[in-house]
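Read the structure below first, then the notes.
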Amino acid sequence: MPNYVLNIRRFSPESGEPAHWEKFEVEMEGHRPVLDAILHARNTEDGSIGIRCSCQAAICGSCGVRINGNPALACNTLLRDAVATAKDGATIDIEPMGNMPVIKDLIVDMDAVHWKKVQRVVPWLIPAGEPPEREYVVPHEAMVDVTQTMACIHCGVCVSDCLSMEVDPEFVGPAAHAKAYRFVGDPRDAATETRLRDLAEDPHGLYDCTHCFKCVEVCPKGVSPMNQIMRLRRRATGDFKIKDANNGYRHEKAFVSIIEKWGTLHEAKLLPDSYGEGIFGKLNPEAQKQLIASAPTAVRGVLSGKVPPLKVIHHHKLPDQKKIKDIYKKIHGRDDRIELNLYIVGEDADALAAESAPAEAAATAADGGES
Amino acid sequence: MTVGIISKIHPVRSHSNAAQGGINAALNPDDSWESHAYDTVKGSDYLGDQDAIAVMCSEAPEEILHLEHLGVTFHRNEEGLLGTRAFGGASAARTYYVADITGQAILHVLYEQMLKYDDKIDRYEEWFTVALAIDENGRCNGAVMRNIRDGVIELFRAKTVILATGGSGQIYKPTTNALVCTADGQAMAYRAGAALMDMEMIQYHPTTLLGNGLLITEGARGEGAHLYNAAGERFMEKYAPNKLELASRDVVSRAEQTEINEGRGFPDGSVHLDVTVVPKKRIHEALREIVMVGRDFAGIDITKDPIPIRPGQHYIMGGIKTDVDGLTDIPGLYAAGEVACVSVHGGNRLGANSLLDTLIFGKRSGHHAAGVAKSMNMPKISAKQVDDVRDEINAIMARSASDGRRVSEIKAELGETMNDKVAVYRDEEGLNSALEVVKRLQEEAKTAYIDDRGTIFNQDVLGAIELGYMLDIAETIVMGAIERKESRGAQFRTDYPERNDEEWLKHIDIKLKDGTPTIEYSPVTITQWQPQERTY
């Protein structure tokens, strides 16, 4: 049987000693989870190794840790996969999740961060008036849709490595925003606009996410928190025209109209268009401060060559303007937004196959604009 | 009046999460609670109390609507009304569900409600209950707790106490039950003098993953999945020609075990669950969790490959004996859910009846306990028990490696013994040897040692206390199984292979009297459904 070396980050506040690493060797089959190896070490060598764990089936959300620097559940990460990402190719580093204070060894204080943020999004259904005599009649698809966010097990893995939260600890964060979508996407909830306005107008809310995809990558349940944040934004802007505190609404509008006009991103126009209505347009007063704060970014863009001085003045239009117009026409012509949801469309491969070619092209165009 | 909720883990970590398939209720206009009740009675192999079953089944529709109104995201049919799926042992499709995370969805929505009423409910999350506080009149007036975060021991006074601590699956290895299911509530009530009932009735779930024993929802068969042996035969045709894979769980588990024992299983000791017959779109929306379990824990794509499965320990029908208001033998003490035995499941629980049992009798316990609490003053209570608990914990921490075995070793031996001797098929010889092992382990546990002597998050010392709980309860399970000299529901005795209504249509109660487990009997309540031969 193969031998695995676990390198566990230890910390006991009572000992008076600083945090340190401790190695444990465990003989175990490679298809067994990392949690089994940790528990084996605890059961046979050192009963004081602290880790929360319960179901061993990726459903209770207790055993979030960092494995080789990446946040994951210990119970559904297999040893052979963990060793494949080991920094030295052999030793599996296991440490507590980030962005939350450590209580002991691999146990972090989720109340101080995660649960506080969940409470922040008013996490209960707010229906209009008294309930009906029987059930609420709602579309099948709507309930399947919110099941993706109901599937969140509150393990904290997305919170652990959220970049925005690292910079702004007040950021509402990926999991709590996903919880918010669970209500915004629920047709029984009557507080949709209030919820969206609340999160959009909070400078630590909807538009505080930097779109880095980390939470999508690490979520063990396919909740895709960032995608839920983007859906909240689309609801906030598209359905309710909510002007947010971080100017995200105008920024997005600027993207869309620049691509529509030029076919590619006119970098030099993005910043002014996001804050006003073009270089020569009227500047939105609320945005003035932010525009001034963004000045260094613009200067850096010029200096780094990302936006060559000539391009500031002259930007080429893509030659085939009709194709671009067709994409916009097709998207605007749809009754419903097409939303990616694993419960509805299946795995990524199925999703790609299900998406029609023009929709894909539009997605690529939009993504290209943001890069 | 105030309410406090005390839990040794954060509430959303609770094992109700693991209830995947759904919750039963006769809510459709063409269904009836009597039909649901009859299926439950038949499923129980006539050991369920019919008055309690009537309460559960008749209150079920209202409870589903209540949950729906609170926000549970039950899946709909094409008309936008609550949708159902088929489940084992049921004569109608009456299982309401949220994909295959029904328990999780209900638990999380109830936690949402706790957050909503944050100002009315005191939550004590990560507090471990060590003992119930019983006064000189034998009334339960609270409990003694250890705060896991800082090791502080406190006495909580209460006018009424409701145990909702769940099951005891960790007595077995493997089990579908989480590591926290260590018989805490059953053991504490039993030590305080409450009767346990139907303890011999241990459910083996027909579809648990080979290897680690993870649960594959009965919803998979509800959605149409088949079972095959190594010869490619759909073997349930032999055992349950009408209901096939959707016979009740004891029947399907026994059929699988027979196939495996008689050499028709696969060489790895499994039979196969084939989900590929279910349309892929339906698998993605309704069996998502199982797709992930297959991918993460078995390395297979269940939309393409069969799943190697076998029967595995899943649920205990028995528990603390209660009435239909959750009241136990001990005044002031209530129990609801898997920890309790009303008895609505008798010899075998139907799939999707456990969430229902928990919710109906949890609510009834709450109402009754609140009514009692309103009419009384806060009891006075001696602090002596706090000292007892502190001494007990200090004594555990003082033991050293030279005194005995590791707690974890004893737990492992217990689990393997129970799974070997007190499983799907049982006989007197095996059961007697299991009892001997349990008694020896009880002695060994007295000197079992741990490593952690700290106060902050000392999970090691809690493990030692949990081991004590499990050993007490394991003894009652084996005693009940030895006592019941017949085959009924989940109890199949190869030495008594027939059901014997004349002698054994009765509950076995086990009570601690002067420190000795003592067996008593209580009658089964039969109202309108007389025992019949049970076929599916």
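For this structure, a couple of remarks:
- Residues located in the range A:137-165, provided they are assigned to a helix (DSSP H, G or I), farther than 28 Å from A:Ser54 by Cβ and more than 13 Å from the chain's Cα centre (by Cα): A:His140, A:Glu141, A:Ala142, A:Asp145
- Of all residues in the range B:400-458, those satisfying the criterion of being in contact with an Asp or Glu (Cβ under 7 Å, 6 or more places away or on another chain), more than 15 Å from B:Ile477 (Cβ to Cβ) and of a type in the set (Val, Ile, Thr) are B:Ile410, B:Thr447, B:Ile450, B:Thr455, B:Ile456.
- Among the candidates A:Leu232, A:Leu270, A:Leu199, the residue that is part of a helix (DSSP H, G or I), within 30 Å of A:Val299 (Cα to Cα) and in contact with a His (Cβ under 9 Å, 6 or more places away or on another chain) is uniquely A:Leu270.
- Against the criterion of being of a type in the set (Val, Ile, Thr), within 14 Å of another protein chain (Cβ to nearest Cβ) and on the phi < 0 side of the Ramachandran plot, B:Thr208 qualifies.
- One residue from A:Arg134, A:Arg197, A:Arg182 being at pLDDT 95 or above, over 30 Å from A:Arg42 (Cα atoms), facing chain B (nearest Cβ under 10 Å) and more than 19 Å from the chain's Cα centre (by Cα): A:Arg134
- Consider the range B:110-136 and keep the residues that are more than 8 Å from chain A (Cβ to nearest Cβ) and in a helix (DSSP H, G or I). The one that is farthest from B:Phe87 (Cα to Cα) is B:Met114.
- Just one residue in the set B:Asp427, B:Asp460 is of a type outside the set (A, V, I, L, M), away from every other protein chain (no Cβ under 14 Å) and touching a Ser or Thr at 6+ places or on another chain (Cβ under 9 Å); that residue is B:Asp427.
- Of all residues in the range A:2-51, those satisfying the criterion of being free of Cβ contacts under 8 Å to residues at least 12 places away in the same chain and farther than 15 Å from A:Cys75 by Cβ are A:Glu14, A:Ser15, A:Gly16, A:Glu17, A:Pro18, A:His20, A:Asn43, A:Thr44, A:Gly47.
- Every listed requirement among (1) without any contact (Cβ under 8 Å) to a residue 60 or more places away in the chain; (2) more than 17 Å from B:Val12 (Cβ to Cβ); (3) within 12 Å of chain B (Cβ to nearest Cβ) is met by A:Cys212 save one, (3).
- Among the residues making up the range B:257-292, those that are within 9 Å of another protein chain (Cβ to nearest Cβ) and under 15 Å from B:Glu223 (Cβ atoms) are B:Lys280, B:Lys281, B:Ile283, B:His284, B:Glu285, B:Ala286, B:Arg288, B:Glu289, B:Val291.
- Residue in the range B:348-362 that is surrounded by fewer than 22 Cβ atoms within 10 Å (Cβ to Cβ) and without any contact (Cβ under 8 Å) to a residue 24 or more places away in the chain present: no
- Only one entry in B:Ala178, B:Ala230 is in a loop (DSSP other than H, G, I, E, B), small (Gly, Ala, Ser), at pLDDT 95 or above and in contact with a helix residue (DSSP H, G or I) (Cβ under 6 Å, 6 or more places away or on another chain), namely B:Ala178.
- B:Arg453 being closer than 28 Å to B:Asp403 by Cβ and within 14 Å of chain A (Cβ to nearest Cβ): yes
- Within the range A:47-83, tally of residues that are of a type in the set (Ser, Thr, Tyr) and more than 10 Å from chain B (Cβ to nearest Cβ): 0
- The residue that is farthest from A:Lys117 (Cα to Cα), among those in the range A:84-102 that are away from chain B (no Cβ under 14 Å) and buried (at least 20 other Cβ atoms within 10 Å of the Cβ), is A:Ile92.
- Yes/no for B:Gly103 being in a loop (DSSP other than H, G, I, E, B) and more than 23 Å from A:Arg134 (Cβ to Cβ): no
For (1) assigned to a helix (DSSP H, G or I); (2) at the interface with chain A (Cβ under 10 Å from one of its Cβ atoms); (3) hydrophobic (A, V, I, L, M, F, W, C), each residue gets a yes or a no:
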site: B:Ile53; (1), (2), (3): yes, no, yes
site: B:Ala60; (1), (2), (3): yes, no, yes
site: B:Ile64; (1), (2), (3): yes, yes, yes
site: B:Phe74; (1), (2), (3): no, yes, yes
site: B:Gly80; (1), (2), (3): no, yes, no
site: B:Gly88; (1), (2), (3): no, no, no
site: B:Ala92; (1), (2), (3): no, no, yes
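- Here B:Asn147 passes the criteria (1) of a type in the set (S, T, N, Q); (2) crowded, with 21+ Cβ neighbours inside 10 Å; (3) within 13 Å of chain A (Cβ to nearest Cβ) except the one numbered (2).
- Filter result for the condition that a residue is within 14 Å of chain A (Cβ to nearest Cβ) and without any contact (Cβ under 8 Å) to a residue 40 or more places away in the chain, over B:His69, B:His10, B:His15: B:His69
- The listed residue being aliphatic (A, V, I, L, M) and under 19 Å from the mean Cα position of the chain (by Cα), out of B:Val55, B:Val12: B:Val12
- Condition check for B:Leu155: buried (at least 18 other Cβ atoms within 10 Å of the Cβ), more than 9 Å from every other protein chain (Cβ to nearest Cβ) and outside any strand (DSSP E or B): no
- Against the test of being crowded, with 22+ Cβ neighbours inside 10 Å, more than 9 Å from chain A (Cβ to nearest Cβ), at pLDDT 95 or above and not in a strand (DSSP E or B), the options B:Asp39, B:Asp31 yield a single qualifying residue, B:Asp39.
- Some residue of the range A:216-227 being surrounded by fewer than 19 Cβ atoms within 10 Å (Cβ to Cβ), at pLDDT below 95 and more than 19 Å from A:Arg120 (Cα to Cα): yes
- Residues of the range A:121-131 that turn out to be surrounded by fewer than 22 Cβ atoms within 10 Å (Cβ to Cβ) and more than 8 Å from chain B (Cβ to nearest Cβ), as a count: 5
- Selection from the range B:249-269 of residues that are under 18 Å from B:Pro497 (Cβ atoms) and in a loop (DSSP other than H, G, I, E, B): B:Glu262
- Number of positions in the range B:1-23 that are aliphatic (A, V, I, L, M) and farther than 14 Å from A:Cys55 by Cα: 5
- Every residue from the range A:228-262 that is among the small types (Gly, Ala, Ser) and modelled with pLDDT under 90: A:Gly238, A:Ala245, A:Gly248, A:Ala254, A:Ser257
- Scanning the range A:152-170 for residues that are closer than 17 Å to A:Pro123 by Cβ and more than 14 Å from chain B (Cβ to nearest Cβ), we see that the one that is surrounded by the most Cβ atoms within 10 Å (Cβ to Cβ) is A:Cys158.
The values are calculated or read from the model by the stated rules, or taken from the named source; none is laboratory data. No experiment lies behind these values; they were computed from the predicted model shown. Note: ideal-geometry Cβ built from the backbone for every residue, glycine included; neighbour counts use all protein chains shown.
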